[in-house]
Amino acid sequence: MLSPNPHFNSTTTSPASLEPPALALHDVTMSFGPRVVIDRMSFAVRPGEFLCLVGPSGCGKTTLLRLLAGLASPTTGEVHFHGETIHGPSLERAIVFQDYGRALLPWRTVSSNVALAMEACGVPANEREARIEILLQTTGLTQARDRYPNQLSGGMQQRVQIARCLAQKPRLLLMDEPFGALDAITRQHLQDEVAKLAAEHGTTVVFITHDLEEAIYLGDRVIVLGANPGRILEAVDVGIERPRSQLTTREHPRFLAHRHHLHGLLEGH
């Protein structure tokens with residue numbers, strides 16, 4: 001059911017898809033002085049795929065996301081985005097940080113925070129307004145459009161950051177444990193929102209989480225990382241149809257089998 005592959009090192013797409021990868025890491029190593037954080041890592045992400053990364057502290061999850069965003073460069077190896085080597089940040093790749101409060105500009109309202117990336121891209125004002133209105137509706141922020149970040153709950157602040165990233169219409173959305181500090185109900189609501197919005201926009205997503213159930217619920221595939229140094233232990237195809245339900249998907253036999261398998265895999269390392 002789970003197709004274990006502890007030596008997973010592929011930079012190709014799955015046999016079911018002949019599309020070129022949206023992302024491809026080729027034998028990437030990242031070192032800080034003598035400390036190797038990521039060791040000869042290779043994998044690929046299909047266009048429109050929702051990929052989740054899980055692993056213990058020290059496995060290089062956040063460092064890996066910075067490489068994919070172009071905020072850092074590998075010590076050796078290459079990172080490609082739709083066939084081109086990543087040399088720096090791009091508006092085609094948006095990142096949602098865990099510390100969402102700091103990511104928002106406190107002197108801007110909700111709507112003007114959402115507009116920020118579009119302003120940087122030179123999107124005309126009338127087009128910006130139309131896109132903002134749609135995103136505020138889909139993220140449930142219409143009534144909060146004129147509020148400032150300090151007037152919002154944590155969940156609403158995170159929705160603003162997600163809306164701002166989607167406003168620039170990225171081809172790739174990178175998310176670094178974005179729901180880790182939220183209560184369970186808000187977390188599940190935002191899980192469903194992000195999955196829905198990514199599907200509607202055809203966005204490729206790389207999502208870091210320490211929560212195995214979150215990874216299985218959201219992901220088309222889960223890559224499990226080992227630590228010290230960071231390396232791939234296994235890539236697991238989730239294989240549960242969409243749309244998914246918080247009530248029924250988590251009781252699906254395949255979901256339960258994945259949870260058991262991933263837990264055992266991480267405990268063994």
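The values are calculated or read from the model by the stated rules, or taken from the named source; none is laboratory data. Owing to the predicted nature of the structure, the values given are computational and were not obtained by experimental measurement. With ideal geometry, Cβ positions are generated from the backbone for all residues, glycine too; neighbour counts draw on all protein chains shown.
With respect to the conditions (1) crowded, with 17+ Cβ neighbours inside 10 Å; (2) not small (Gly, Ala, Ser); (3) not assigned by TED's automatic domain parsing to the domain that holds MET30, ARG244 falls short on a single one, namely (3).
Conditions (1) outside the structural domain of LEU23 (by TED's automatic domain parsing); (2) touching a Leu at 6+ places or on another chain (Cβ under 8 Å); (3) more than 23 Å from GLY180 (Cβ to Cβ), marked per residue:
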| site | (1), (2), (3) |
| --- | --- |
| VAL206 | no, yes, no |
| HIS210 | no, no, no |
| ARG221 | no, yes, no |
| GLY226 | no, yes, no |
| ILE232 | no, yes, no |
| VAL238 | no, no, no |
| HIS252 | no, no, yes |
| ARG259 | no, yes, no |
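Within region 147-204, being among the small types (Gly, Ala, Ser) and under 26 Å from ALA125 (Cα atoms) holds for ALA163, ALA167, ALA198, GLY202. Residues that are free of Cβ contacts under 8 Å to residues at least 12 places away in the same chain and either among the small types (Gly, Ala, Ser) or closer than 23 Å to ALA115 by Cα (or both) within region 163-199 comprise just one, ALA184. Residues of region 16-51 that are of a type in the set (Gly, Ala, Ser), over 18 Å from ARG171 (Cβ atoms) and over 20 Å from the mean Cα position of the chain (by Cα): ALA16, SER31, GLY33.
So in region 97-112, with the set limited to residues that are of a type outside the set (Ser, Thr, Tyr) and in a helix (DSSP H, G or I), which one is modelled with the highest pLDDT? I'd like the intermediate steps shown before the answer.
Start the filter on region 97-112 by keeping residues that are of a type outside the set (Ser, Thr, Tyr), which leaves 97-99, 101-108, 110.
Add one more test, that the residue is in a helix (DSSP H, G or I), and what stays is 101-103, 110.
On the way: GLY101: 65, ARG102: 72, ALA103: 81, VAL110: 96.
Residue satisfying both the conditions and the ranking: VAL110.
Taking the conditions (1) without any contact (Cβ under 8 Å) to a residue 40 or more places away in the chain; (2) over 30 Å from HIS26 (Cα atoms) in turn, LEU71 satisfies each one other than (2). Taking the listed residues PHE179, PHE207, the one that is among the aromatic types (Phe, Trp, Tyr), in contact with a helix residue (DSSP H, G or I) (Cβ under 8 Å, 6 or more places away or on another chain), in a loop (DSSP other than H, G, I, E, B) and under 18 Å from GLN98 (Cβ atoms) is PHE179, with no other qualifying. In region 51-83, what count of residues is obtained for those that are part of a loop (DSSP other than H, G, I, E, B) and within 18 Å of ILE208 (Cα to Cα)? Residues meeting the conditions: 9.
Within region 173-197, the set of residues being surrounded by 22 or more Cβ atoms within 10 Å (Cβ to Cβ) and closer than 20 Å to LEU71 by Cβ comprises LEU173, LEU174, MET175, PRO178. Taking residues in region 34-50 that are more than 16 Å from LEU225 (Cβ to Cβ) and part of a loop (DSSP other than H, G, I, E, B), and partners anywhere that are β-branched (Val, Ile, Thr) and modelled with pLDDT under 95, the pairs with Cβ atoms closer than 8 Å and at least 6 places apart or on different chains are ARG46/THR13; GLY48/THR203. Taken over region 113-130, the criterion of being modelled with pLDDT of 85 or more and either closer than 17 Å to GLU193 by Cβ or in contact with a Leu (Cβ under 8 Å, 6 or more places away or on another chain) (or both) is satisfied by ASN113, VAL114, LEU116.
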